[in-house]
Amino acid sequence: MLRKNLVYLVFILVCLSLNVFPQSQDPPSDDELKRQIIKREYTDVSDKERWEIEIEYPELRLAGDKPSEGFSITAKNLAMKQVEDFKKSMSEFTDEDRKFLPEEMNYTLDVGYTIEFENEEFISVNFGRSEFTGGAHPNHWSFTLNYDLKNKTELQLSDLFKHNSNYLSIISKNSIEQLTKEQGENADADWLKEGAGEDLKNFESWNITKNGLKFSFDPYQVGPYAAGAFETVVPYEKFPTNIQSSMFYRVGTVSYIDGNPPNNCRNGLYTTQDVDFKLARILGKKNDKTYFYGDEGDCTNGKNCQNKAYLIAGDEVIVSKTYGDFVCAWYQPKKGSETVGWIPANMISANAPQKPGNVDWVGEWVFGENSIDIQAAQSRGKYSIKGNAFWKGVGDNIHIGELDYEGLPVKDKMNVGDGEDQYDCRVKMQILGKYLLVSDNLNCGGLNVSFNGIYQRK
């Protein structure tokens, strides 16, 4: 009997222990341990003070769910500073002031954010603030945070450039050009000069993006309230290398995310650039040499950037994008393969543009082993385009691509293809002097097959 009682007692104790001691839990999921940005919120609603406050700000969690305290604290403090300023302005309102506010309405403050860029080195946040404190409409403005995660410090725009350089002039010029184009006939030159002129305060709201430095202009800054807010993006390559600080180079590398850094200039994808290609000739005296510069590392401004290849006065080149004081140039000698690289912009002279009526499409065009045959089609104004492209792997591994379309040119350009689906073959062609520039979307044949290149008549 005693033994049975002991067994029963043990059973009771075990059952009780299941409720007393914590149970085992599943380990954190992989998603919870990844590097991630978490949205944090703050809300304050007061019927007495007649306000409604809603704030959102980002918190960065590193791999292993570790906090990135430097950035997260800075972001929170910046967001909560808006609350502090709002409540301070509200403290100046009297009960008499509040009587004029309709019963169903409160004063409001809303803050949200957008992550413009984020990787292991930088995080760039654009905050938007909307505030109603009476009047005809709410007020809106932006403020930003650009944070160097490596050095645990907030970045200022001036940190990207050398002291006493003309970076504000470049930003202002490019921004005014973009704003003038966007505003059209409503653009006001005096308003633009005041709100986007060469004054650092005009560009306090800036962000790091993959395409360049982005600047936000609030209502009333470059136009009336009804026109709204505006944004401009100044590409990294617009800034000459001689005004860039070491921090600019680090920031500029964010464009490497898409595999196409701003200082990239090489063959292969040369014709796929979204730029206006032009013919040019090399300047200089008879025996002068204009050397090509590479695009590795921090070139063109770094050490050992000058290549052995060079051009001489009178050589014809195709030029595309610019990077600081250099232009990306393509040169085809009479014998051998083409050379592509950076050359000093002050060593070229642009050729006179060709007239649309002089564009001659007809012929068999070749680039390496690729060929495109263009002939007049039966349909008036159209051309028949037939082409073959090859990619050769190891041994007998050969992939083939073909073109068989009709196209209607628009001046010196002609686009052909199957359709607009992402997997349809699409080809862009441009006549430039004696050259045919071709780019495709890599869907015009087998794996690795491409018609990209600069063709000449056979």
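The values are calculated or read from the model by the stated rules, or taken from the named source; none is laboratory data. Note that the structure is predicted; figures quoted are calculated from it, not measured. Here Cβ is always computed from backbone atoms with ideal geometry, including for glycine, and neighbour counts include all displayed protein chains. Side chains are part of the model used for accessible areas, which takes the heavy atoms of the whole protein and leaves out ligands, DNA and RNA. Shrake-Rupley method; radii C 1.70, N 1.55, O 1.52, S 1.80 Å.
Pick out the one residue from Asp188, Asp218 that is within 20 Å of His140 (Cα to Cα), open to solvent by 20 Å² or more (accessible area, probe 1.4 Å), acidic (Asp, Glu) and out of contact with any helix residue (DSSP H, G or I) (no Cβ under 8 Å at 6 or more places or on another chain). Step through it out loud before you land on a result.
Numbers: Asp188 fails: within 20 Å of His140 (Cα to Cα).
Only one candidate qualifies: Asp218.
Please determine whether any residue of segment 164-178 is under 22 Å from Ile115 (Cβ atoms), in contact with an Asp or Glu (Cβ under 9 Å, 6 or more places away or on another chain) and either polar (S, T, N, Q) or open to solvent by less than 70 Å² (accessible area, probe 1.4 Å) (or both).
Residues of segment 164-178 under 22 Å from Ile115 (Cβ atoms): none.
No, because not a single residue in segment 164-178 is under 22 Å from Ile115 (Cβ atoms), in contact with an Asp or Glu (Cβ under 9 Å, 6 or more places away or on another chain) and either polar (S, T, N, Q) or open to solvent by less than 70 Å² (accessible area, probe 1.4 Å) (or both).
Considering each residue of segment 431-453, count those that are crowded, with 20+ Cβ neighbours inside 10 Å, out of contact with any helix residue (DSSP H, G or I) (no Cβ under 8 Å at 6 or more places or on another chain) and touching a residue at least 40 places away in the same chain (Cβ under 8 Å), and give that number.
So the answer is 8.
State all residues of segment 116-137 that are of a type in the set (A, V, I, L, M, F, W, C), surrounded by 14 or more Cβ atoms within 10 Å (Cβ to Cβ) and free of Cβ contacts under 8 Å to residues at least 40 places away in the same chain; if no residue qualifies, say none. I'd like the intermediate steps shown before the answer.
The first filter runs over segment 116-137 and keeps only residues of a type in the set (A, V, I, L, M, F, W, C), leaving 117, 122-123, 125, 127, 132, 136.
If we keep only those that are surrounded by 14 or more Cβ atoms within 10 Å (Cβ to Cβ) as well, we get 117, 122-123, 125, 127, 132.
Answer for segment 116-137, where residues must be of a type in the set (A, V, I, L, M, F, W, C), surrounded by 14 or more Cβ atoms within 10 Å (Cβ to Cβ) and free of Cβ contacts under 8 Å to residues at least 40 places away in the same chain: just Phe132.
If Phe292 satisfies every condition in (1) out of contact with any Ser or Thr (no Cβ under 8 Å at 6 or more places or on another chain); (2) among the hydrophobic types (A, V, I, L, M, F, W, C); (3) closer than 29 Å to Ile431 by Cα but one, which is the exception?
The single condition Phe292 does not satisfy is (1).
Give me the residue from segment 409-430 that is open to solvent by 20 Å² or more (accessible area, probe 1.4 Å), not polar (S, T, N, Q) and not in a loop (DSSP other than H, G, I, E, B) and, out of that set, farthest from Tyr383 (Cα to Cα).
Arg426
If you take the residues in segment 72-86 that are open to solvent by less than 70 Å² (accessible area, probe 1.4 Å) and free of Cβ contacts under 8 Å to residues at least 24 places away in the same chain, which one is farthest from Trp141 (Cα to Cα)?
Taking segment 72-86 and keeping what is open to solvent by less than 70 Å² (accessible area, probe 1.4 Å), we get 72, 74-75, 78-80, 82-83, 85-86.
Filter once more, so that each one left must be free of Cβ contacts under 8 Å to residues at least 24 places away in the same chain: 72, 85.
On the way: Ser72: 22, Asp85: 14 Å.
Looking at residues that are open to solvent by less than 70 Å² (accessible area, probe 1.4 Å) and free of Cβ contacts under 8 Å to residues at least 24 places away in the same chain, I get Ser72.
Consider Leu403 carefully, then state whether it is over 30 Å from the mean Cα position of the chain (by Cα) and farther than 19 Å from Gly368 by Cβ. First the steps, then the outcome.
Working: over 30 Å from the mean Cα position of the chain (by Cα): yes; farther than 19 Å from Gly368 by Cβ: no.
When the stated conditions are applied, Leu403 does not pass them.
Just wondering, is there one or more residues in segment 373-393 that are out of contact with any Cys (no Cβ under 6 Å at 6 or more places or on another chain), surrounded by fewer than 16 Cβ atoms within 10 Å (Cβ to Cβ), of a type outside the set (Ser, Thr, Tyr) and closer than 26 Å to Asp315 by Cα?
There is no residue in segment 373-393 that is out of contact with any Cys (no Cβ under 6 Å at 6 or more places or on another chain), surrounded by fewer than 16 Cβ atoms within 10 Å (Cβ to Cβ), of a type outside the set (Ser, Thr, Tyr) and closer than 26 Å to Asp315 by Cα.
Please go through segment 280-296 and pick out each residue that is open to solvent by 40 Å² or more (accessible area, probe 1.4 Å) and either within 25 Å of the chain's Cα centre (by Cα) or basic (Lys, Arg) (or both). Don't jump to the end; show me each part of the working.
Of the residues in segment 280-296, the ones open to solvent by 40 Å² or more (accessible area, probe 1.4 Å) are 281, 283-289, 291, 293, 296.
Result: Arg281, Lys285, Lys286, Lys289, Tyr293, Glu296.
Can you go through Lys214, Lys238, Lys286 and tell me which one is at pLDDT 90 or above and over 13 Å from Trp342 (Cα atoms)? Please lay out each step first, then the result.
Numbers: Lys238 fails: at pLDDT 90 or above; Lys286 fails: at pLDDT 90 or above.
Answer to the selection: Lys214.
Please specify each residue of segment 244-283 satisfying the condition of being modelled with pLDDT of 90 or more, touching a helix residue (DSSP H, G or I) at 6+ places or on another chain (Cβ under 7 Å) and assigned to a loop (DSSP other than H, G, I, E, B).
Within segment 244-283, Leu283 is the sole residue that qualifies.
Out of Ala350, Ala376, Ala345, which single residue is closer than 19 Å to Lys434 by Cα, free of Cβ contacts under 8 Å to residues at least 24 places away in the same chain and small (Gly, Ala, Ser)?
After applying the criteria, what remains is Ala376.
Quick check on segment 185-222: of everything there that is free of Cβ contacts under 8 Å to residues at least 40 places away in the same chain and among the polar types (S, T, N, Q), which residue is nearest to Gly252 (Cα to Cα)?
Asn202
For residues that are open to solvent by 20 Å² or more (accessible area, probe 1.4 Å) and not charged (D, E, K, R), scanning just segment 47-71, find the one that is farthest from the chain's Cα centre (by Cα). Spell out the reasoning first.
First, the residues of segment 47-71 that are open to solvent by 20 Å² or more (accessible area, probe 1.4 Å): 47-52, 54, 56-57, 59, 61-67, 69-70.
The next check asks that each one be not charged (D, E, K, R); those that pass are 51, 57, 62-64, 67, 70.
On the way: Trp51: 38, Tyr57: 23, Leu62: 24, Ala63: 25, Gly64: 29, Pro67: 27, Gly70: 26 Å.
Ranking the qualifying residues of segment 47-71, first place goes to Trp51.
Checking Asp404 against (1) closer than 30 Å to Gly445 by Cα; (2) among the charged types (D, E, K, R); (3) in contact with a helix residue (DSSP H, G or I) (Cβ under 8 Å, 6 or more places away or on another chain), only one condition comes out false. Which one?
The failed condition is (3).
Any residue at all in segment 83-106 that's under 22 Å from Arg35 (Cβ atoms) and part of a loop (DSSP other than H, G, I, E, B)?
As a first pass, look at segment 83-106 and keep what is under 22 Å from Arg35 (Cβ atoms): none.
So far as segment 83-106 goes, no, none of its residues is under 22 Å from Arg35 (Cβ atoms) and part of a loop (DSSP other than H, G, I, E, B).
Taking interchain pairs and intrachain pairs at least six residues apart, which have beta carbon atoms under 7 angstrom, with the first residue in segment 169-184 and touching a residue at least 60 places away in the same chain (Cβ under 8 Å) and the second crowded, with 20+ Cβ neighbours inside 10 Å and in a helix (DSSP H, G or I)?
Ile171/Phe203
Look through segment 243-279, keep the residues that are surrounded by fewer than 20 Cβ atoms within 10 Å (Cβ to Cβ) and aliphatic (A, V, I, L, M), and return whichever of them is nearest to Asp325 (Cα to Cα).
Ile243
Restricting attention to segment 345-369, which residues are at pLDDT 90 or above and open to solvent by less than 30 Å² (accessible area, probe 1.4 Å)?
Trp361, Gly363, Trp365
How many residues does segment 87-113 hold that are open to solvent by 50 Å² or more (accessible area, probe 1.4 Å) and touching a helix residue (DSSP H, G or I) at 6+ places or on another chain (Cβ under 7 Å)?
Number satisfying all stated conditions: 0.
I want to confirm something. Restricting to segment 223-233 and keeping residues that are outside any loop (DSSP other than H, G, I, E, B) and without any contact (Cβ under 8 Å) to a residue 24 or more places away in the chain, which single residue is surrounded by the fewest Cβ atoms within 10 Å (Cβ to Cβ)?
So in segment 223-233, the residues outside any loop (DSSP other than H, G, I, E, B) come out as 225-227, 230-233.
Among the residues that remain, those that are also without any contact (Cβ under 8 Å) to a residue 24 or more places away in the chain are: 226, 231.
On the way: Ala226: 8, Glu231: 16.
Selected residue: Ala226.
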